[in-house]
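One structure below.
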Amino acid sequence: MARIIGDYTGTTWEDFLVLPGMPPEDSDLTPEDVDLSSEICGVKLKLPFMTAAMRSVTGKDLALAAGKLGMMAVAPRGLTVDREVDIVKYVKDNAVEVGDIESEYDPTTVRDDDTLNTALQRARKTGHSNIPVVTRKSDFVGMFHYKPSRHDNMEPGTPITDIMKKYNGNGNMPVCRSGMGDEEIKRYMDENDLRMVPVIDEVGRLDRLVFKQRDDAYKVGAAVDTHPGWEKRAEKLIEAGADIIFIDTSDAHKKFAGDLLEKYKKLFSKGPPICGGNVVTPDGFQYLVDHGADAVKLGMGPGSICSTNDVLGVGAPPFWSLVEVANRRDEYARGGHYVPLIADGGIEGTSDIIVALSKGDFIMGGRLYVCFLESEAERMDRHGKIYPKGMLSEDEIMAMKIFGEGSREARQTTGNMRRYAAPNSKEGISTIQGVSGWVPYQGRFKPGVERQAMAVKEGIYHSGAVDLPTYREKAVLIRTSEKAKGTSSPHGIDLIGD
């Protein structure tokens, strides 16, 4: 298991760095080849990332975007039952089964007189790694296949025609013709083991791109609270196709959480797995597992919009909590049952993700994902004017608003007055345990998450591992001093770029 150098008492993610290590000597893998696929209670995901069950973060668009990338969004239980169910249905209704094909009729393209710089800008904005190259008349002349490890280090002014894969019309590149039906295209892709194929018309102009789904249907989680009526919500979410049910309470080391778990297992014995949380101690973990939790979510207070630690003086530093609970999890696993852990809260960037995954199985983020176009956040333009989602073009967005589920703003809307209260409390408690704020806009979800994933892959590669199980076995983390933290990021200069 991952080894820690130094005292981890009272620590958070940024208190540690991962030491570099040697990959297997017989391996010629690159960072791009690092495997981030993970499994939680039989649900397979391509990325170990989850979006938080927060109303300013996760809605239909973000949940679908997450599903397409092979990660999991968690629908907020602060919504009405019908609205939460709609999120789950939206993901499942738009899911594409393995082997099915999808057509993109207005694909992102670059012109044959463009440079690499233009192609990189479009790849980073859209998240597309396969970009057709066309002439002014839309004649298809080749494909640009974006590979960060190669193209990010090339001269930006390089003509795109020097680095694209050229199409000469004589069979040097697989293409389909406009007259072919979907079944014929699918058969052609199967026979040639193609993930993507351009479709061109009778005079050689690009008609569309066709993609084949290689992965399982999109996954989505959904949250329930611990108050009366949770059973009906859970039933409807399960009927809609939720892959995992999450208990959404700030402190689950309480009898009401244990009672819910036991009742869930009786009512929905053939239903999806249930994740208990949140807890921050080994005893809290053990309590949830003993009452039937299939996975456990950790965190109380470290989230960017959470003020529980400040207001109540209760909680735990996130890395200390994860290490302590992971030790108990590993002891428990010796009995033959492994319980996945989700690190929820305080994850600010990719270095935090890499540290958290040394002991945890997944990370969950709110601020980490509210910054993207697809989130449910209100938007601010450069003049400080605020707009609801969908009312401001993406080129005009400067910042996105996030509010905590324990904030005053959350409590002024239907659904979350009781999140921080015991089930027998009619009005909920009066103490505000969250805030609202703005974060810089970061563009679209797909390219943003792919950048995160690439950075995590590189970090794990430098640790000497090529997948997450190996990383958790080999990782060596070292505690850094306050002075050392100052040298861990650019310092001593006036920054002029990123």
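The values are calculated or read from the model by the stated rules, or taken from the named source; none is laboratory data. Everything quoted here is computed from the prediction, not taken from an experiment. Counting neighbours? That spans all protein chains shown, and the Cβs are built from the backbone with ideal geometry, glycine included.
If only one of Arg187, Arg195 is within 24 Å of the chain's Cα centre (by Cα) and not assigned by TED's automatic domain parsing to the domain that holds Val74, which one is it?
Among Arg187, Arg195, only Arg195 is within 24 Å of the chain's Cα centre (by Cα) and not assigned by TED's automatic domain parsing to the domain that holds Val74.
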Looking at segment 274-306 only, could you name the residues that are in contact with a Lys or Arg (Cβ under 6 Å, 6 or more places away or on another chain), of a type in the set (A, V, I, L, M, F, W, C) and not in a strand (DSSP E or B)? Phe285
Residue set Glu32, Glu97, Glu104; condition among the acidic types (Asp, Glu), closer than 30 Å to Pro198 by Cβ, touching a Pro at 6+ places or on another chain (Cβ under 8 Å) and modelled with pLDDT under 95; output residue Glu32
Among all residue pairs at least 6 apart or on different chains, which show Cβ distances below 9 Å where the first residue, located in segment 373-399, is within 16 Å of Lys60 (Cβ to Cβ) and touching a residue at least 40 places away in the same chain (Cβ under 8 Å) and the second is β-branched (Val, Ile, Thr) and in a loop (DSSP other than H, G, I, E, B)? Leu373/Ile397; Ser375/Val57; Ser375/Thr58; Glu376/Val57; Glu376/Thr58; Ala377/Val57
Taking first residues from segment 455-472 that are aromatic (Phe, Trp, Tyr) and second residues anywhere that are assigned to a helix (DSSP H, G or I), the pairs with Cβ under 7 Å that are 6 or more apart or on different chains are Tyr461/Pro31; Tyr471/Ile460
Would you list the helices (runs of 4 or more DSSP H) that sit entirely within segment 441-489 and hold 3 or more residues that are at pLDDT 95 or above and crowded, with 17+ Cβ neighbours inside 10 Å? 445-462, 468-474
Within segment 151-167, is even one residue part of a loop (DSSP other than H, G, I, E, B), in contact with a Lys or Arg (Cβ under 7 Å, 6 or more places away or on another chain) and at pLDDT 90 or above? no
Of all residues in segment 132-147, which are under 24 Å from Pro174 (Cβ atoms) and not aliphatic (A, V, I, L, M)? Pro132, Thr135, Lys137, Ser138, Asp139, Phe140, Gly142, Phe144, His145, Tyr146, Lys147
Select from segment 44-63 the residues that are surrounded by 14 or more Cβ atoms within 10 Å (Cβ to Cβ) and either modelled with pLDDT under 95 or in a loop (DSSP other than H, G, I, E, B) (or both) and list them in ascending order. Lys46, Leu47, Pro48, Ala52, Ala53, Met54, Arg55, Ser56, Val57, Thr58, Gly59
Residue that is buried (at least 23 other Cβ atoms within 10 Å of the Cβ) and of a type in the set (Phe, Trp, Tyr), where the choices are Tyr332, Tyr369: Tyr369
Look at Asp106 and say whether it is under 29 Å from Asp182 (Cβ atoms) and either part of a strand (DSSP E or B) or not aromatic (Phe, Trp, Tyr) (or both). yes
Taking segment 146-173 as the region of interest, how many residues are of a type outside the set (A, V, I, L, M) and either more than 20 Å from Pro447 (Cα to Cα) or touching a strand residue (DSSP E or B) at 6+ places or on another chain (Cβ under 6 Å) (or both)? 14
Residues satisfying the stated conditions in segment 181-204, i.e. surrounded by fewer than 15 Cβ atoms within 10 Å (Cβ to Cβ) and in contact with a helix residue (DSSP H, G or I) (Cβ under 9 Å, 6 or more places away or on another chain): Arg195
In segment 130-178, residue farthest from Arg208 (Cα to Cα) [restricted to those that are among the polar types (S, T, N, Q) and exposed (fewer than 15 other Cβ atoms within 10 Å of the Cβ)]: Asn153
So is Ala240 out of contact with any Lys or Arg (no Cβ under 7 Å at 6 or more places or on another chain), in contact (Cβ under 8 Å) with a residue 12 or more places away in the chain and either among the aliphatic types (A, V, I, L, M) or surrounded by 20 or more Cβ atoms within 10 Å (Cβ to Cβ) (or both) or not? no
Filtered residues of segment 268-307 (kept if modelled with pLDDT under 95, surrounded by fewer than 24 Cβ atoms within 10 Å (Cβ to Cβ) and either more than 23 Å from Ala240 (Cα to Cα) or not assigned by TED's automatic domain parsing to the domain that holds Val339 (or both)): Ser304, Ser307
